[in-house]
Structure formats: structure tokens, C-alpha cells
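Please read the structure below before turning to the comments.
The values are calculated or read from the model by the stated rules, or taken from the named source; none is laboratory data. Just so it is clear, the model here is predicted, and its values are computed rather than measured. Here the Cβ positions follow ideal geometry from the backbone for every residue, glycine too, while neighbour counts run over all protein chains shown.
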Amino acid sequence: MLFHTPQYFLFLAIVLVLYFSLNHRGQNLMLLGASVFFYACWDYRFVSLLVASCVLDFWAGRYIYRARLAGDRAAMKRGLLASLTGNLGMLGFFKYFGFFVSSADSALRALGFAPSLPVLNIILPVGISFYTFQTLSYAIDIYRGQLDPVDRFLDFALFVAFFPHMVAGPIMRAVDLLPQMTRPRVVTQANLERGLLMLGMGLFRKVAIADPAGMLADSYFADPSTFSTIPLACGLVLYGLQIYNDFAGYSDMARGAAWLLGFDLMRNFRQPYFAKNIADFWKRWHISLSTWLRDYLYIPLGGNRKGPARTTINLMLTMLLGGLWHGASWNFVIWGGLHGTYLAIHHTWRRWRDARQIEWTPAPLVTRVLSTAVVYALVTFTWLFFRAHDTGTTIAYLSGLLALSPGGEGALLPVFVLWGLTLAIDVPQAVTEDELFLLRWGFMPRAAVVATACLVILFSGQMRHEPFIYFQF
């Protein structure tokens, strides 16, 4: 049941009607049932994994908390280890078993062996990476003493399975979302206005920008050897527009649906392609994941507290694992490694600048534009490894880009159009520092914008109900 389909909007309408006719406890029970139904529409068999994850971490949280009150550090570690082992074990089996087996098989064959390793065709449960990280953070925060466990299993299960964000984020922390589950909620007119606007903007990003960009990008990646340099460069830009608007569109729709129900989900994107440096990019892109990796991986590894060399190692490990989180492929590892390299260079530059006490005045507009362009070029290049599904495609695409062959200027036109549609959303949000800037406008300007957006969606011709990209992660 995809967010941009009529089935989903019918489902959401039914949920809203039932929601406003129930008290707080009835609302939570109904939302949990609706969330399980929503997930089961993809594949009912994997509901059992969701239940297992909920049971494991609800128990682990209470076990760790009792041990914490008793001052029993050993028991606290056992509870945390149970959570880590259970959650990462499920994630590792379903997401990485085939990858590691095939990688080991290739390595052994390269050494002259003829192994007979087991091969399993394992279906990846949708959203497992997202809800696994969410439940892990719950147990870890209780272990750290930053959170107390919730009393009711129903509330915890709803925290994990809440349908707006369950399958592709944002990755919500228990400290932020659980209190919204346990206390009564009030849905105001402001909630409804913000929710409807966010749903509309997310739908526009997905249908009018991401899907057309993806269709064009797919044609370039299908056989890159048949295209010259300009079309291949356009293919990378188009994929960058696709994945940004696709995922930002999903996050907007998730937040919009949550607002209609009186919940507040964190913002997941903040005009990432306007970033002034690579560290700034990661403060703007997939914010819920980047902050999760920072708080639960980078800082525990030592962060930047143990010298320049260790900082570089910690950055590389964090980004390599962040790349692998996205998928079981060496291309994702390369993508993470490139971003880790960018970040290591950026931190080295900052240390060099600070050591020499070089004072920087506010950068002029030209400098800011150039720095943003460099970051955008680096990020766009790395999308090649994120999008290419095999080594052959990656090599062919790189060869075509580096060949600098002439021709294909006509490929620039759809890039300009789709970038223009993206800027129509991002520029006002950045200038006003308000993602809901449209609510400030009068009725007639708003009506004109909404009507224009509806026409663009209707005439885009891309109502193919393509899944959101991050469903595969």
C-alpha cells in the first residue's frame, strides 16, 4: 500500500474517521491494528518479525531497567546484548546472508578453491532496517540511563509499528515519540492544515519530480555504453533528483499523516543540495539516520576525542557501515567510503585552519555558490555507486563519463525542468526558513499554487505507482 496510491488515501481516510470517534486508549489500539494491516499488505508473513522485535526489546528494556535500579552492570549488559544479538541477527540474516556468502564464495574461488556454500533466496522484509534501528535505540537509551521503559506493551508496539514512518523512516527515538503514544493527543486546525500541506508537497515531490526523473535515469543506467558524456552526466543528476525527491517526498507524506493524527515526526531533509560543505550535507540529508549513526556509532567509537588519526578511522568506519546499512552490495560500501573520505578531508582541513588560527570573514555570495557547487558535484558523483547494481554497469558508466565524448545536449532539457520544480519548493523553504511557508500566503495565492501543482501531477504522465526507493532498505 504505497503512500501515493488511491488505496492509501482511502485507508488513511478510514483511519481518521475511526480515530476521531475513539478515546486515547481506543485510538492507540486502532492505530496498532491499522499499522499491522498496513504492513501485512506487503507480506503478512513478515508481521511475525515485527512482533518478535517488539517483544524482544520491550522485555530487554524492562530487564535492563530493573538491573539499572539494582546497580547490576553485568545484568544490564546481558539485557543489552540480548537486544543487539536478536535485532542485528535478524537484520543480518535477512539482509546480508546472501551477500556475505556470495562474497566468500568469490574470494575462495579467486584463491583456487571450489567451495560449495549454501545459497538461499531470502526476501528482504520491507522496513526492517528502519524499525530495527528504532528498537535498538530504545534498549540502548535505557542502558545509558537516558530513558525509562514504557509500562504498556501496546504503546511500545505502536511506537515501533506506527504506519506513517514504519517502513522508511524517519527513524524516531523513543524519547521523542513514546511520550506522544502514552498521553492523549489533541488535533488542532493547525495540525490539519500542516498535515494536508505536507501530504500535498510529498505527493508532488514523488509523482511530479521523482518518478519522471527515475524513468529517465533508468534509461541511462540500463546501457550506459550507448550514451555520450553529457547524457550520462544528466543521468547522474536525474538520479540525484529522484532519490532526493522520492525520499523527501515519503518523509513529507509520513509527517503529514502523523500531523493529521496529532503526532509530530522529526524533519528528515533540509535542502541538502544547498549544503556549504560535506559535513553540512550530512546535517541536511536523511537527518534521522545521520544523527543515529553519530549518537550510536561514531561517538561511542570515540568521535573526534582521541586525536586526528582516530577521528579519521571513526569517520570511515561510520560511513562504511552507513553505506552497508543501505544494502548488501560492495557498491554501497564504496559509496559510504567516498563520503567517509570527503568527511575526513573536511575535518583535516578544519584542523589545519584552526591550528593556524586563521580567521574567516563571512564568505561572499560567489564563494558560497562555488562551495555549494563543489559539494553538489561530489555528492552527485557518488550516486553512481549507489545506483549502479553491478560492477559492469559502474565501469561502463565511469568510462562514458571520462571519455568526454560530444553530443547529447538535448538530455539537458528535462534536467532543467525537474531541477526547476525542485527549486520551486526548496528555495522558498530555505529563504523563509519555513518548510510550511505556503501557509503564510493568502487564500488566492495558495489556491493558485495548489491548482498548478495538481495540473503538473495530472499531466506528468507518471502515475505508475512506483515504490519509494528507500522501501528496499
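Filtering segment 442-454 to residues that are under 23 Å from residue 206 (Cβ atoms) and without any contact (Cβ under 8 Å) to a residue 12 or more places away in the chain leaves 446, 447, 448, 449, 451, 452, 454. In the set (1) over 27 Å from residue 389 (Cα atoms); (2) out of contact with any His (no Cβ under 9 Å at 6 or more places or on another chain); (3) surrounded by fewer than 22 Cβ atoms within 10 Å (Cβ to Cβ); (4) in contact (Cβ under 8 Å) with a residue 12 or more places away in the chain, the condition left unmet by residue 233 is number (1). Do we find that residue 16 is outside the structural domain of residue 210 (by TED's automatic domain parsing), in contact (Cβ under 8 Å) with a residue 40 or more places away in the chain and out of contact with any Asp or Glu (no Cβ under 6 Å at 6 or more places or on another chain) in this structure? Answer is yes for this residue.
If you go through segment 134-177 and keep only what is closer than 15 Å to residue 59 by Cα and either acidic (Asp, Glu) or touching a His at 6+ places or on another chain (Cβ under 7 Å) (or both), you end up with 141, 148, 151, 155.
Checking each residue in segment 327-354 for being modelled with pLDDT of 95 or more and of a type in the set (Asp, Glu) picks out no residue at all.
Return the total of residues in segment 221-275 being closer than 29 Å to residue 369 by Cβ and either of a type in the set (Ser, Thr, Tyr) or not assigned by TED's automatic domain parsing to the domain that holds residue 377 (or both). Of the residues in that region, 6 qualify. In the set (1) crowded, with 18+ Cβ neighbours inside 10 Å; (2) over 20 Å from residue 143 (Cβ atoms), the condition left unmet by residue 54 is number (2). Considering only residues that are among the aliphatic types (A, V, I, L, M) and over 24 Å from the mean Cα position of the chain (by Cα), which ones fall in segment 371-410? Passing the criteria: 395, 396, 398, 401, 402, 403, 404.
Per the listing 187, 160, 126, 167, the residue uniquely at pLDDT 90 or above and within 18 Å of the chain's Cα centre (by Cα) is 160.
Scanning segment 208-220 for residues being in contact with a helix residue (DSSP H, G or I) (Cβ under 6 Å, 6 or more places away or on another chain) and farther than 18 Å from residue 470 by Cβ gives a total of 3.
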